[in-house]
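Trainee: Structure provided below as structure tokens; questions to follow.
The values are calculated or read from the model by the stated rules, or taken from the named source; none is laboratory data. None of these values were measured; they are calculated from a predicted model. Cβ atoms come from the backbone with ideal geometry, glycine included; neighbour counts cover every protein chain shown. Ligands, DNA and RNA are excluded from the accessible area calculation, which covers all protein heavy atoms including side chains. Shrake-Rupley method; radii C 1.70, N 1.55, O 1.52, S 1.80 Å.
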Amino acid sequence: MKRREFITLLGGAGIAWPLAAHAQQPTMPVVGFLSSRSPDESKHLVAAFRAGLQTGGYVEGQSVAIDYRWAEGQYDRLPALATELVRQRVNVIATTGGEAVALAAKAATMTIPIVFGVSEDPVPYGLVASHSRPGGNATGVNFLVTELGSKQLGLLHELIPAAARVGLLVNPKFAATERAMRDVTAAAAAIGLQVDVVQASDSREIESVFGTLVHNKADALLVGPDAFFVSRRLQLAILAARHVLPAVYNVREYAEAGGLMSYGTNVRDAYRQIGVYVGRILKGARPADLPVVQSSTFELVINLPTARALGLEIPASLLARADEVIE
């Protein structure tokens with residue numbers, strides 16, 4: 001090889017070496033975000049999740065990537081969406097929107113860490129071995145949504161003591177529906193209320209349900225736990241107003257959308273906690289060692305303009321206990 005050619009070769013190698021070194025830099029971790037809800041109506045919850053991630057130093061697009069999958073209320077899509085995330089070899093999967101989402105992820109992988117948000121005790125579902133020591137590849141937050149049905153019914157009875165017949169709206173495709181029905185009907189029997197269970201799993205069925213409630217002369221409505229119903233909160237608030245049917249819900253988003261009253265977990269805080277746990281796992285923590293967090297922050301929200309439109313006067317005892325009164 002001639003001297004000039006040798007020098008040219010060395011010069012080319014000098015350019016290639018930094019490029020090769022750059023290509024070997026560690027890639028950004030990827031979090032799979034699997035939800036039964038829809039992206040547009042979940043922006044505030046995604047923001048809370050990102051805030052939780054940021055407490056661990058992870059900022060989307062800078063130090064972590066998030067791969068979103070949305071079932072948009074179609075629970076039968078969840079297994080395929082979970083499998084997609086596993087095939088992408090994400091570092092952690094965050095599941096939100098109920099037990100079905102967590103179960104789909106758990107069925108898809110026994111190795112990728114999972115941080116869930118569920119409305120019921122995750123132990124009977126086989127998601128964890130125990131709250132204090134989950135033991136497997138999953139941990140997360142129990143929103144305690146389902147367990148609050150009897151409390152919500154009590155608030156409804158306090159608001160409208162003359163009510164004798166109450167509709168209970170449930171989604172037959174939601175995993176916790178049977179538990180919610182059992183708890184609410186037992187609580188209703190204890191205070192002499194009749195409960196009419198009505199079911200809906202899409203927007204058309206929700207429309208039809210209100211016709212049934214009016215035909216049955218229901219005095220009020222209790223909306224059961226389900227992420228799909230939350231995604232249809234504006235539709236539910238409009239239909240309840242149109243049919244002059246007082247309704248009580250389980251998360252504040254309903255009241256913010258025009259619903260009469262809500263009592264339940266601070267869901268934003270729960271999503272933030274999911275983000276915190278994902279950040280801890282990205283830093284090396286094992287799901288098996290992170291105890292399941294049970295929501296401890298509950299809020300009563302009352303929408304006064306809706307109450308006036310329905311011709312209701314909110315008892316002073318309820319107003320005094322409200323965490324927020326929307327004027």
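Trainee: Give me the pairs: first residue in region 128-140 and hydrophobic (A, V, I, L, M, F, W, C), second residue part of a strand (DSSP E or B) and open to solvent by less than 10 Å² (accessible area, probe 1.4 Å), beta-carbon distance under 8 Å, and six or more apart or on different chains, which are they?
Mentor: Correct list of pairs: 128/138; 128/139; 138/114; 138/115; 138/116.
Trainee: Restricting attention to region 158-193, which residues are over 22 Å from residue 117 (Cβ atoms), in contact with a helix residue (DSSP H, G or I) (Cβ under 7 Å, 6 or more places away or on another chain) and of a type outside the set (A, V, I, L, M)?
Mentor: 158, 167
Trainee: Report yes if residue 218 is in a helix (DSSP H, G or I), more than 21 Å from the chain's Cα centre (by Cα) and touching a residue at least 40 places away in the same chain (Cβ under 8 Å), otherwise no.
Mentor: No: the conditions fail for residue 218.
Trainee: All but one of (1) modelled with pLDDT under 95; (2) open to solvent by 10 Å² or more (accessible area, probe 1.4 Å); (3) under 19 Å from residue 275 (Cα atoms); (4) not aromatic (Phe, Trp, Tyr) hold for residue 112; which doesn't?
Mentor: (1)
Trainee: I've got another one for you. Please enumerate the residues belonging to region 234-252 that are farther than 17 Å from residue 311 by Cα, in a helix (DSSP H, G or I) and modelled with pLDDT of 95 or more.
Mentor: 234, 235, 236
Trainee: Quick check, is residue 136 part of a strand (DSSP E or B) and not acidic (Asp, Glu)?
Mentor: no
Trainee: Of all residues in region 193-211, count the ones that are in contact (Cβ under 8 Å) with a residue 24 or more places away in the chain and either of a type in the set (Phe, Trp, Tyr) or open to solvent by less than 70 Å² (accessible area, probe 1.4 Å) (or both).
Mentor: 12
Trainee: Follow-up. Would you say residue 32 is loosely packed, with under 12 Cβ neighbours inside 10 Å and either modelled with pLDDT of 95 or more or in a helix (DSSP H, G or I) (or both)?
Mentor: Judged against the criteria, residue 32 is not a match.
Trainee: While we're here: Given the criteria part of a loop (DSSP other than H, G, I, E, B), open to solvent by less than 30 Å² (accessible area, probe 1.4 Å) and hydrophobic (A, V, I, L, M, F, W, C), does residue 128 qualify?
Mentor: So residue 128 fits the description; yes.
Trainee: I need the full set of residues from region 145-166 which are open to solvent by less than 20 Å² (accessible area, probe 1.4 Å), within 13 Å of residue 192 (Cβ to Cβ) and not in a strand (DSSP E or B), in order please.
Mentor: Of everything in region 145-166, those that are open to solvent by less than 20 Å² (accessible area, probe 1.4 Å), within 13 Å of residue 192 (Cβ to Cβ) and not in a strand (DSSP E or B) turn out to be 153, 163.
Trainee: Name the residues in region 58-75 that are free of Cβ contacts under 8 Å to residues at least 60 places away in the same chain and on the phi < 0 side of the Ramachandran plot, would you?
Mentor: Of everything in region 58-75, those that are free of Cβ contacts under 8 Å to residues at least 60 places away in the same chain and on the phi < 0 side of the Ramachandran plot turn out to be 59, 60, 62, 63, 65, 66, 67, 68, 69, 70, 71, 74.
Trainee: Please enumerate the residues belonging to region 269-305 that are touching a Leu at 6+ places or on another chain (Cβ under 7 Å), crowded, with 17+ Cβ neighbours inside 10 Å and more than 23 Å from residue 318 (Cα to Cα).
Mentor: The answer is 271, 275, 277, 278, 279, 280.
Trainee: Within region 258-302, can you find the residues that are modelled with pLDDT under 95, part of a loop (DSSP other than H, G, I, E, B) and either within 13 Å of the chain's Cα centre (by Cα) or basic (Lys, Arg) (or both)?
Mentor: 266, 295
Trainee: Restricting to region 131-144, name every residue that is open to solvent by less than 10 Å² (accessible area, probe 1.4 Å) and not small (Gly, Ala, Ser).
Mentor: Result: 134, 139, 141, 142.
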